[in-house]
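Before any comments, here is the structure.
Derivation of every value follows stated rules applied to the coordinates shown; laboratory data play no part. None of the values given here were measured: they were computed from a predicted structure. Neighbour counts run over all protein chains shown; Cβ positions are idealised from the backbone, glycine included.
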There are 2 protein chains.
Amino acid sequence: MQLYTSQKLQVHNSLSGKKEVFTPLNEGHVGMYVCGPTVYSNVHLGNCRTFMSFDMIYRYLKHLGYKVRYVRNITDAGHLEDEGEQEDKISKKARLEQLEPMEVVQRYTVDFHQILEKFNFLPPSIEPTATGHIIEQIEIIKDILEKGYAYEMNGSVYFDVSKFNKKYTYGKLSGRKLEDMITNTRDLAAQDEKRNPQDFALWKKAEPQHIMRWPSPWGDGFPGWHLECTAMSTKYLGETFDIHGGGMDLKFPHHEAEIAQAEASYGHSPVRYWLHTNMLTLNGKKMAKSTGNNILPNEIFSGQNDILSKAYSPSAVRFFMMQAHYSSILDLSDDALAASEKGYLKLMEAMNQLADLPTGKTTDFDITSWKQECYKAMNDDFNTPVLIAQLFEAVRQTNLIHDSQASISQEDKEELIQSMSVFVYEILGLENNQDMGQDRDTLSGLVDLLIEIRNSARANKDFATSDKIRDDLANLGVQLKDGKEGTSFSIK
Amino acid sequence: MQLYTSQKLQVHNSLSGKKEVFTPLNEGHVGMYVCGPTVYSNVHLGNCRTFMSFDMIYRYLKHLGYKVRYVRNITDAGHLEDEGEQEDKISKKARLEQLEPMEVVQRYTVDFHQILEKFNFLPPSIEPTATGHIIEQIEIIKDILEKGYAYEMNGSVYFDVSKFNKKYTYGKLSGRKLEDMITNTRDLAAQDEKRNPQDFALWKKAEPQHIMRWPSPWGDGFPGWHLECTAMSTKYLGETFDIHGGGMDLKFPHHEAEIAQAEASYGHSPVRYWLHTNMLTLNGKKMAKSTGNNILPNEIFSGQNDILSKAYSPSAVRFFMMQAHYSSILDLSDDALAASEKGYLKLMEAMNQLADLPTGKTTDFDITSWKQECYKAMNDDFNTPVLIAQLFEAVRQTNLIHDSQASISQEDKEELIQSMSVFVYEILGLENNQDMGQDRDTLSGLVDLLIEIRNSARANKDFATSDKIRDDLANLGVQLKDGKEGTSFSIK
């Protein structure tokens, strides 16, 4: 591992409730599993925040030199809305839309990938699907049954939480106690084939009308939702791995069930560091389709929505999300996005000007300690808002240098350019002037030509023309800046 | 179905060797299966041509009003380089690159999707994976064993071609005869556990070092390559479906094996119309990595290659491919691409000018019969080169109208705009000025400003300035065209 600072990487482990020094199981390698989307509808913006946080974490771990195997699954079967239901989310959607379930899966997997690409996510190392691991799930169920922590009932198999809780502790991640859960649950035993309401399905029997089904030792059926993550994380990362991430709402019952399944089957806890992201609210309230307090990523990018005053680019939204710590609640609003967009554009403008920064003999800015502060922020549980504050400190310094109020040496300038690029593009994953390759060049050429014509006009004292050019350019979003070394421009 | 012309859609069926009227199994619905890529390397340009042909066919069938379920698989396991080998293509790559096989799969699936998106492919309805259908494959093997057309040998299961050939006909798609194959094969029986060299694997035993493996009734192993397509086409399209497509090189043994597997299991042929695409050569020779006569899609788009003189956009390449019939050999060369690019740009320029076409009281151009010719071309086995010739006939007509040498009525103009848009964008899948949203507007604004300044200069007889503007714009790829109604421009 490259050591950029004396302070070691610390992460907040939800299991201990504390920040802990991050020490991977195998030196130099990190195994990370993140619960991906259930692909039965367009990806939720709150989920995007979760995946973006882990994208940033993945980027940072790679930057530190770790060889990271990052597994993020696609749930394409088995996600029951609640344990009592007979139909999973995808089958239900397929029935409502008169599609084959895998057509539903394809439609929303494509949507998911398109949105993530717009947000400039790195693809995970492996993106396994639940339906691609039915055999592995059946094998684990057989094992848990054999070890006595599950029981079969009418073609379904349930995890026996009470039995498990005698040897292990159910609820340790979410801080719940099984006794309290039992006390607080209405007695559903009469209408439920489970022994206890806390038990959860490992395998559900498929009713004759059920379209997603696979043969198993217990008859045709489909796996319970919690099981797929145990099967896939074990297959690709081993029985114990470093980081398991997901949204906070998955702590219970999903992640709790994952721990129970792994402990029941392998006899030990599967995950060393549990990381959970916090909620994204919209105008101060929970996002929910049912209340209309909801917005899709594409609605933000296109501006076609009733909630925001204008369109915001994926990079502006990414910057907005990175301005909050992943474990804090973040509220999205028009004002907040507009403020972030301003900050994002300011940062990009500074990035564009770095190369032209004049150099001197000395540097008035302590690059080394500034870099230390940046790494300190990231090593403190991936504190991106503090990192971004440091980036703006660098922007402030470059503006001083630009205005000849401070100086930077050639060597330090190169170091600064290199570091800014690492933090802004590589780690935060922001993009500069996206969608603008060839056109940007033509655009610059056109503006340069206009500047040339304006200069001639000024030389000829034709101020009507020179002013017209400046004003018309401003209307097109092109700002001219006259300086000692000629005229430069920025495009909004 | 919408009837655009009296001529019915005909397709060349490789099984009969004839053009046949296309009549789907279920009226109004089409089931289409296309063999997708084996994701162990960057997608081959020749494969892109195959998938592009079926993308066009998918688009046209949808345009005709069919509800199309288009299944294109991802082969992520089981593709043996030849029957004698113990290791499939993905496992081999994983071993060479020291990656988990599913990391190889992910890397090249992402590449595949990115290239196809650049080419403006529509996603298929379902994109199933071989590893996602191991259970379904095992079920078919059990069935074929039960019916006596397969045998188990040391933990592997082989399809018994000789036995099959007694009741059915092996080789009818590729026109081969089993007796000839037997005569022409060296006797490998000594080093082979198969009864006959023509037999092919349904299930292969995994050696201890083999990393991709699943439990089965015959021990740990993995499915043979041919089987996945039978399993997935049956699952999503039924035991008989309308169209099966793929590259010509898959006719034997892959598609022949698919027919045999389906006939052995279901007792009847699985596919009504077999469609095969032809080869893409490069500078007159077969493309092959080993000889260096090879080019990747991204190398064409970026211009970073030793074969072509410049970069070509995905749309120009798409246009190039659409200019040949899918069943003809197509040779890619710098000259051919340059010519196609010219044609593509000419077509796009015409598309951009359609809205500004002046209208008159009459139309000198028989839009109805022109449309008929377009549909006639497409209905004649998707004859895109003939369609494109018709599109250029329309371009010729619009140029005449533009130059006031011919006339078009408002109604016919709208009809023409609508039809051109359907053929060019919807059916051929070409894109106009992609990657150019916001910037394009700024760009147009800048050019408009320059035209305005140039007009003032000309009015003031300042020809030095007006000429400079025209020349500098030309250097930036912006062509000015002075006409009766002012100056217009086109951007290269």
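Summary of values
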read-out	value
Pair B:SER488, A:VAL386: separation of 7 Å Cα→Cβ label points (nm)	6.0 nm
B:ALA338 paired with A:LYS62, simple spin-label distance in nm, labels 7 Å along Cα-to-beta-carbon	3.9 nm
Shielding of A:464-474 by partner chains, average beta-carbon count, 10 Å	2
Formal net charge of residues neighbouring A:ARG454 (Cβ-Cβ distance under 15 Å; K, R +1; D, E -1)	-3
Average partner coverage of B:131-137, which counts Cβ from other chains inside 10 Å	5
Inter-part distance where region B:394-436 and region A:153-184 are each reduced to a Cα centre, Å	67 Å
Electrostatic dipole magnitude of chain A [Cβ: Lys, Arg +1; Asp, Glu -1; Cα centre; debye, to 20]	660 debye
Neighbourhood net charge (11 Å Cβ-Cβ; Lys/Arg +1, Asp/Glu -1) for B:GLU426	+2
For chain B, fraction of C-alpha pairs farther apart than 33 Å, in %	48 percent
Environment charge of A:LEU337, counting only residues whose C-beta is closer than 11 Å and scoring Lys/Arg +1, Asp/Glu -1	-2
Chain B, relative contact order [Cα under 8 Å, separation at least 6], %	15 percent
Gap separating the Cα centres of region A:238-256 and region A:264-296, nearest whole Å	11 Å
Calculated label separations, B:GLU20, copies of the chain, 7 Å along the beta-carbon direction, nm	6.5
Reachable aspartates and glutamates from B:LYS468, criterion Cα separation under 15 angstrom, eight or more residues apart if same chain	A:ASP448, A:GLU452, B:GLU452
Relative exposure of B:CYS48, B:CYS229, judged by other C-beta atoms within 10 Å (fewest first)	B:CYS48, B:CYS229
Shortest-first nm distances, A:GLN410 label point to equivalent points in other copies (7 Å, Cα→Cβ)	6.9
Cβ-based charge dipole, the protein assembly as shown, positive-most Cα from A:MET378, A:LEU347, A:SER407	A:MET378
Of A:LYS167/A:LYS235; B:LYS18/B:LYS172; B:LYS62/B:LYS346; A:LYS204/A:LYS286; A:LYS92/A:LYS289; A:LYS19/A:LYS251, pairs whose Cα-Cα distance is over 20 Å	A:LYS167/A:LYS235; B:LYS62/B:LYS346; A:LYS204/A:LYS286
Debye, to nearest 20: dipole size of the protein assembly as shown, +1 on Lys, Arg Cβ, -1 on Asp, Glu Cβ	260 debye
Dipole magnitude (debye, nearest 20) for region A:281-427, charges at Cβ of Lys, Arg, Asp, Glu	500 debye
Whether the protein assembly as shown is rounded, prolate or oblate, judged on the alpha carbon gyration tensor where a/c under 1.5 counts as rounded	oblate
Label geometry 7 Å along the beta-carbon vector: B:LYS342 inter-copy distances in nm	5.4
Per-selection Rg to Rh, region A:10-277 - Cα, Kirkwood hydrodynamic radius	0.96
Rel. contact order, % - alpha carbon contacts under 8 angstrom, at least six apart, region B:276-335	46 percent
Region A:10-277: relative contact order in percent, alpha carbon pairs under 8 Å with at least 6 residues between	24 percent
